[in-house]
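Note sheet for the following structure.
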Amino acid sequence: MDRKYELVYVVSPVATDDQVSDLHTQIEAVVQRMGGRIEKTENWGRRRLAYEIAHQKEGTYVLEVIHGAGDLMKEIDRRLKVIDYVIRHLVVRVDETEQVVERRRTTRTEQSRRRRVARGLAPDRQPGEGQRGEFEDERDEDDRFEVTEDIR
């Protein structure tokens, strides 16, 4: 079954850019060999760690969004554990979370449409209808109480 995963790994600051790109190439080869695909790769660069890990205070963060099976992610996890210059890595399945969010969004939309129809309104909001934006409230907050004449 094809699922969506996010893989984040932190590479030691002593690792060169070539080693980071070689690591990405290794992961890419494993993904292709096992029938998955990489949706995107983001190199977040060198950042300070939240806490010291293996006497390191910085690391290079890399995010990979991968579509594939659970066996693929187990293999990547196994390989990342034995690579010395990978300080930490984390694999998270995100497709289930996205499905939950989408289900909640459709449920809220349907409830909103039913309430609007029950009140005699159109099922969907029309342009210009609804609450005013946050900045509109600040902009004309005191305009309606301006006094141009002094009344005495």
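The values are calculated or read from the model by the stated rules, or taken from the named source; none is laboratory data. Keep in mind that what you see is a predicted model, and the values were worked out from it rather than measured. Cβ coordinates were reconstructed from backbone atoms using ideal geometry, including for glycine residues, and neighbour counts include every protein chain displayed.
I need every pair where a residue in the stretch 47-67 that is over 13 Å from residue 20 (Cα atoms) has its Cβ under 9 Å from the Cβ of a residue that is part of a loop (DSSP other than H, G, I, E, B) and not hydroxyl-bearing (Ser, Thr, Tyr), sequence separation at least 6 or different chains.
Here the result reads 56/13; 56/14; 57/13; 58/13; 65/94; 66/36; 67/2; 67/36, each pair linking the stretch 47-67 to a residue that is part of a loop (DSSP other than H, G, I, E, B) and not hydroxyl-bearing (Ser, Thr, Tyr).
Can you name the residue in the stretch 92-143 that is of a type in the set (Gly, Ala, Ser) and surrounded by 10 or more Cβ atoms within 10 Å (Cβ to Cβ) and, of all such residues, is modelled with the lowest pLDDT? If you could, list the steps in order and put the result at the bottom.
Of the stretch 92-143, the ones of a type in the set (Gly, Ala, Ser) are 112, 118, 120, 122, 128, 130, 133.
When the remaining residues are screened for being surrounded by 10 or more Cβ atoms within 10 Å (Cβ to Cβ), the result is 112, 122.
On the way: 112: 90, 122: 87.
Step by step, filter the stretch 92-143, then rank; the result is 122.
Looking at residue 36, is it in contact with a Leu (Cβ under 8 Å, 6 or more places away or on another chain) and farther than 18 Å from residue 3 by Cβ? Give the steps one after another, and end with the answer.
Details: in contact with a Leu (Cβ under 8 Å, 6 or more places away or on another chain): yes; farther than 18 Å from residue 3 by Cβ: no.
No.
Matching residues to (1) β-branched (Val, Ile, Thr); (2) part of a helix (DSSP H, G or I):
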{"position": "44", "(1), (2)": "no, no"}
{"position": "107", "(1), (2)": "yes, yes"}
{"position": "112", "(1), (2)": "no, yes"}
{"position": "116", "(1), (2)": "no, yes"}
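Working carefully through the options 85, 5, 51, find the one that is under 20 Å from residue 96 (Cα atoms), at pLDDT below 95 and of a type outside the set (A, V, I, L, M).
On the way: 85 fails: under 20 Å from residue 96 (Cα atoms); 51 fails: under 20 Å from residue 96 (Cα atoms).
After ruling out the rest, the residue left standing is 5.
Could you list all residues from the stretch 71-92 that are part of a helix (DSSP H, G or I) and touching a residue at least 12 places away in the same chain (Cβ under 8 Å)? Spell out the reasoning first.
Our first condition is that a residue be part of a helix (DSSP H, G or I); within the stretch 71-92, this holds for 71-82.
71, 72, 73, 75, 76, 77, 79, 80 - these are the residues of the stretch 71-92 that are part of a helix (DSSP H, G or I) and touching a residue at least 12 places away in the same chain (Cβ under 8 Å).
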